[in-house]
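*Asks:* Right, I'll just put the structure down here and ask away after.
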């Protein structure tokens, strides 16, 4: 698999369609992707302080081979830095670096970098093309695909943002070799989520390949990364702006985003919060009679096998409920929940009363 594209998946959005390239040692494909954008002159390389020393120079060299001047913009790492002030800072760096409407932005990093760089690309001079090069599992299987760009507010996750589709997503599995174990585990929560919402076989694969996946066996990781991208590409192609089926991707997120917000984005990684959110969603679905206890136990066992949390004794229930009511998925004051009906299938529910949501949150304190 050296220096070859393993798979190309297309996000079908008419004249805004784009490819997702998945392979190993494929950063050399960057110049052709840059050429497709029609960019001239300069490219902003947005990354963070952890990724820059690892891959910044390599990506910069491919940018320069494409005939573009690379303007490096290195962010502080961490979800707590994904704020509106960062957009202003990046746009200032773009101006100082000489970017104009013929330029392009490259996001090299995890979900925080991708979301922030994408938002800055959308805002700068009313929109520049951008390319995603995700370096974490959560970014490869989720945030780099679909065009959701946003930053956080202290009161709510991803509440300030726009849809701005990338020109391409370049997924090099070799970049996972330097991913810290905690980041790997957290990202796998999104893969497990894809199994719950759309593919029982993917969920079963995650159950049976725990050791190989946690050992960063790239052969074992190929299938869940590719399958997750296929699932998300199909959903985004059918419902770009989340008016229907795209909301399925929010499984566990109504609870999870609230947990991130009440902890000021500093206690849990995104995937860890989503793992807690999936547990709460499973408990809620069981209480509503949509699934049985066996489903809840199976989901919990898989999540815990990857070292992800399913309980948090210190959870501030009322604060989380308040945060859930501010979530961007709320409509006319009504919370929307994505809940499983069986493995691989979910439904949307807007009839959940506050007492039922509170009870699901309470269950996280005891792990019941």
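The values are calculated or read from the model by the stated rules, or taken from the named source; none is laboratory data. All figures in this text were calculated on a predicted structure; none of them were measured in a lab. Reconstructed Cβ throughout: ideal geometry from the backbone, glycine too, with neighbour counts over all protein chains shown.
*Asks:* Of everything in segment 80-103, what is in contact with a strand residue (DSSP E or B) (Cβ under 7 Å, 6 or more places away or on another chain) and assigned to a helix (DSSP H, G or I)? Give them in sequence order.
*Replies:* 81, 84, 86, 87, 90, 93, 94
*Asks:* Six or more apart or on different chains, Cβ atoms under 7 Å: show the pairs whose first residue is in segment 227-250 and more than 15 Å from residue 142 (Cα to Cα) and whose second is buried (at least 21 other Cβ atoms within 10 Å of the Cβ) and modelled with pLDDT of 95 or more.
*Replies:* Once the first residue is more than 15 Å from residue 142 (Cα to Cα) and sits in segment 227-250, its partners that are buried (at least 21 other Cβ atoms within 10 Å of the Cβ) and modelled with pLDDT of 95 or more give 245/235.
*Asks:* Quick one: which helices (runs of 4 or more DSSP H) sit completely within segment 172-285 and have at least 2 residues that are within 26 Å of residue 349 (Cα to Cα)? Step through it out loud before you land on a result.
*Replies:* Numbers: elements: 181-198, 200-208, 210-214, 218-238, 253-262.
Passing ranges, in order: 181-198, 200-208, 218-238, 253-262.
*Asks:* Now for a separate question. Need a quick list: strands (runs of 3 or more DSSP E) entirely within segment 116-165 having at least 1 residues that are surrounded by fewer than 24 Cβ atoms within 10 Å (Cβ to Cβ) and modelled with pLDDT of 95 or more.
*Replies:* Per the criteria, 148-153, 156-163.
*Asks:* Right, next: If the requirement is being on the phi > 0 side of the Ramachandran plot, under 21 Å from the mean Cα position of the chain (by Cα) and surrounded by fewer than 20 Cβ atoms within 10 Å (Cβ to Cβ), which of these qualifies: 109, 67, 78, 98? Spell out the reasoning first.
*Replies:* Values: 109 fails: surrounded by fewer than 20 Cβ atoms within 10 Å (Cβ to Cβ); 67 fails: under 21 Å from the mean Cα position of the chain (by Cα); 98 fails: under 21 Å from the mean Cα position of the chain (by Cα).
From the options 109, 67, 78, 98, the qualifying one is 78.
*Asks:* Follow-up. Is segment 273-291 home to any residue that is free of Cβ contacts under 8 Å to residues at least 24 places away in the same chain, in contact with a helix residue (DSSP H, G or I) (Cβ under 8 Å, 6 or more places away or on another chain) and within 21 Å of residue 187 (Cβ to Cβ)?
*Replies:* yes
*Asks:* Within segment 322-347, track down each residue that is loosely packed, with under 15 Cβ neighbours inside 10 Å and in contact with a strand residue (DSSP E or B) (Cβ under 9 Å, 6 or more places away or on another chain).
*Replies:* Answer for segment 322-347, where residues must be loosely packed, with under 15 Cβ neighbours inside 10 Å and in contact with a strand residue (DSSP E or B) (Cβ under 9 Å, 6 or more places away or on another chain): 341, 347.
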